[in-house]
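Student: Handing you a structure now.
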């Protein structure tokens, strides 16, 4: 019987293991079929104005002038104009950093109050609770750190009409501590 004295082992999840490279696959369009069986339909006429990347005219149009069906349909994003008005710049720590624009935190907090009331009618209890908790946390922090900006965002939302005011007030009725904080700024 033979014994192995030492053996080199590699980790199973070694992401740099290149010992088994993937096969190279060519994704080119096949050429025209030269022979046709007598039972196969004849090739349709070529369209000289539609050409593949290898300069061969296509047998059928590739682009169609018909609308695409969008399975998710359109979803309105209510009150988005309020949320993204006057965005601020923020740095995202990715590689050497990326500068992005985000909504103002005070507008985001008030927007969450509005969205929580809108979702309440839809019956999505988990999302409503999440929205209320996010709004409460942000309002708590902003009331101490940036009370003037929070007050301005709150007053701006209330001044946008009776539906806006009723949505904000409906959420705040379920959040008495947050309502007290907003009244104090």
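Student: Criterion first (in contact with a strand residue (DSSP E or B) (Cβ under 7 Å, 6 or more places away or on another chain) and touching a residue at least 24 places away in the same chain (Cβ under 8 Å)) does residue 104 satisfy it? Write out each step before concluding.
Tutor: On the way: in contact with a strand residue (DSSP E or B) (Cβ under 7 Å, 6 or more places away or on another chain): yes; touching a residue at least 24 places away in the same chain (Cβ under 8 Å): yes.
In short, yes.
Table: residues versus (1) under 29 Å from the mean Cα position of the chain (by Cα); (2) part of a loop (DSSP other than H, G, I, E, B).
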| position | (1), (2) |
| --- | --- |
| 143 | no, no |
| 154 | yes, no |
| 160 | yes, yes |
| 167 | yes, no |
| 172 | yes, no |
| 177 | no, no |
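Student: Within the range 81-100, how many residues are surrounded by 10 or more Cβ atoms within 10 Å (Cβ to Cβ) and under 13 Å from residue 157 (Cβ atoms)?
Tutor: Count: 3.
Student: So, in the range 120-140, how many residues would count as being surrounded by fewer than 17 Cβ atoms within 10 Å (Cβ to Cβ) and part of a helix (DSSP H, G or I)? Please lay out each step first, then the result.
Tutor: Going through the range 120-140, the residues surrounded by fewer than 17 Cβ atoms within 10 Å (Cβ to Cβ) turn out to be 121-127, 129-130, 133, 137, 140.
From what's left, part of a helix (DSSP H, G or I): 125-127, 129-130, 133, 137, 140.
Qualifying residue count, the range 120-140: 8.
Student: Tell me, which residue of the range 79-104 that is assigned to a loop (DSSP other than H, G, I, E, B) and touching a helix residue (DSSP H, G or I) at 6+ places or on another chain (Cβ under 6 Å) is nearest to residue 119 (Cα to Cα)? Can you show your working first?
Tutor: In the first step, residues of the range 79-104 are kept if they are assigned to a loop (DSSP other than H, G, I, E, B); the result is 79, 84-87, 93-97, 103-104.
Right, trim to touching a helix residue (DSSP H, G or I) at 6+ places or on another chain (Cβ under 6 Å) and you get 79, 103.
Numbers: 79: 13, 103: 21 Å.
This residue is 79.
Read-outs throughout are calculated quantities, based only on the coordinates presented, and are distinct from any laboratory measurement. All figures in this text were calculated on a predicted structure; none of them were measured in a lab. Every residue, glycine as well, gets a Cβ built from its backbone with ideal geometry; the counts of neighbours run over all protein chains shown.
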